[in-house]
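All remarks here apply to the structure that follows.
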Amino acid sequence: MSTLYGIDREIHHKIQSKYSIDHEQQARAWIENVVGEPLPSDDFQESLKDGVMLCKLIDKLAPGQAKYKVSKIPFMQMENIACFLSGAERLGVPKYDLFQTVDLYEKKNMTQVVDTIFSLSRHAYKAGACSTFLGPKLADKHEVSFSEETLNASKGMFNTYQYGYNKGANQSGIVFGGRREISQ
């Protein structure tokens with residue numbers, strides 16, 4: 001990684017300060033559990049950098065969704081990462097939860113990489129693709145339906161009091177811009 005200066009350095013330090021080793025270890029254990037094999041390196045970023053383990057993960061969660069190539073060529077490795085990201089999106093992970101390829105490949109924002117894995121685990125669990133998830137459970141959508149009678153009854157509830165037109169309320173005694181006298 002090249003030397004950073006100015007605001008880039010400050011941003012990098014702020015991102016690094018949010019990184020959680022505990023979350024990394026949980027993500028590592030979850031990936032190894034789902035894929036059924038250990039990550040190839042003790043360095044989390046190095047293990048995922050070529051995208052192969054990520055594609056294997058997507059393939060376990062949604063069979064046939066991830067095609068990857070084992071290669072030392074950077075372009076091919078980034079293609080594998082992109083394949084993982086599109087597979088994660090197909091499993092329901094929102095775009096705002098996904099990391100960018102450079103976040104992982106150039107180790108720019110590993111916090112976002114771990115957060116993406118947490119989000120993937122929750123969405124895969126909700127879809128029934130795996131039996132465990134990381135972090136808080138996704139909320140279920142709760143839709144409420146009202147009868148026509150209830151809707152009509154509510155129309156009469158809105159009155160002028162809700163709009164601030166309260167009869168009898170006024171601003172008498174309030175002086176704007178005047179001096180306040182303090183008496184003892």
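The values are calculated or read from the model by the stated rules, or taken from the named source; none is laboratory data. All of these numbers come straight from a predicted model, not from anything done at the bench. Here Cβ is always computed from backbone atoms with ideal geometry, including for glycine, and neighbour counts include all displayed protein chains. Remember, those area values only see protein heavy atoms, side chains included, never the ligands or the DNA or RNA. Shrake-Rupley method; radii C 1.70, N 1.55, O 1.52, S 1.80 Å.
Out of (1) closer than 26 Å to residue 131 by Cα; (2) open to solvent by 90 Å² or more (accessible area, probe 1.4 Å), what's the single condition that is false for residue 10?
(1)
Restrict the check to segment 10-24 and report whether at least one residue is free of Cβ contacts under 8 Å to residues at least 12 places away in the same chain and closer than 27 Å to residue 125 by Cβ.
Yes: segment 10-24 contains one or more residues that are free of Cβ contacts under 8 Å to residues at least 12 places away in the same chain and closer than 27 Å to residue 125 by Cβ.
Just the residues that are within 22 Å of residue 132 (Cβ to Cβ), out of contact with any Leu (no Cβ under 9 Å at 6 or more places or on another chain) and of a type in the set (S, T, N, Q), please, taken from segment 26-77.
33
Here is a yes/no grid of residues against (1) at pLDDT below 90; (2) within 12 Å of the chain's Cα centre (by Cα):
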| site | (1), (2) |
| --- | --- |
| 51 | no, no |
| 67 | yes, no |
| 81 | no, no |
| 92 | no, yes |
| 96 | no, yes |
| 107 | yes, no |
| 111 | no, yes |
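Sort out which residues of segment 49-96 are of a type in the set (Gly, Ala, Ser), surrounded by 19 or more Cβ atoms within 10 Å (Cβ to Cβ) and within 18 Å of residue 123 (Cα to Cα), and write them in order of number.
If the condition is that a residue be of a type in the set (Gly, Ala, Ser), surrounded by 19 or more Cβ atoms within 10 Å (Cβ to Cβ) and within 18 Å of residue 123 (Cα to Cα), then 66, 87, 88 are the ones that fit.
Need the failing condition index for residue 38 against (1) open to solvent by 70 Å² or more (accessible area, probe 1.4 Å); (2) within 19 Å of the chain's Cα centre (by Cα), just the number.
The number of the failed condition is (2).
Condition first: assigned to a helix (DSSP H, G or I), free of Cβ contacts under 8 Å to residues at least 12 places away in the same chain and acidic (Asp, Glu). Can you find one or more residues in segment 102-115 that meet it?
Yes, segment 102-115 contains at least one residue that is assigned to a helix (DSSP H, G or I), free of Cβ contacts under 8 Å to residues at least 12 places away in the same chain and acidic (Asp, Glu).
Of everything in segment 128-182, what is of a type in the set (Ser, Thr, Tyr) and at pLDDT 65 or above? Give them in sequence order.
Answer for segment 128-182, where residues must be of a type in the set (Ser, Thr, Tyr) and at pLDDT 65 or above: 131, 132, 145, 147, 150, 154.
Anything in segment 97-118 that is among the aliphatic types (A, V, I, L, M) and either under 15 Å from residue 83 (Cβ atoms) or open to solvent by less than 40 Å² (accessible area, probe 1.4 Å) (or both)? List them, or say none.
Of everything in segment 97-118, those that are among the aliphatic types (A, V, I, L, M) and either under 15 Å from residue 83 (Cβ atoms) or open to solvent by less than 40 Å² (accessible area, probe 1.4 Å) (or both) turn out to be 98, 104, 110, 113, 114, 117.
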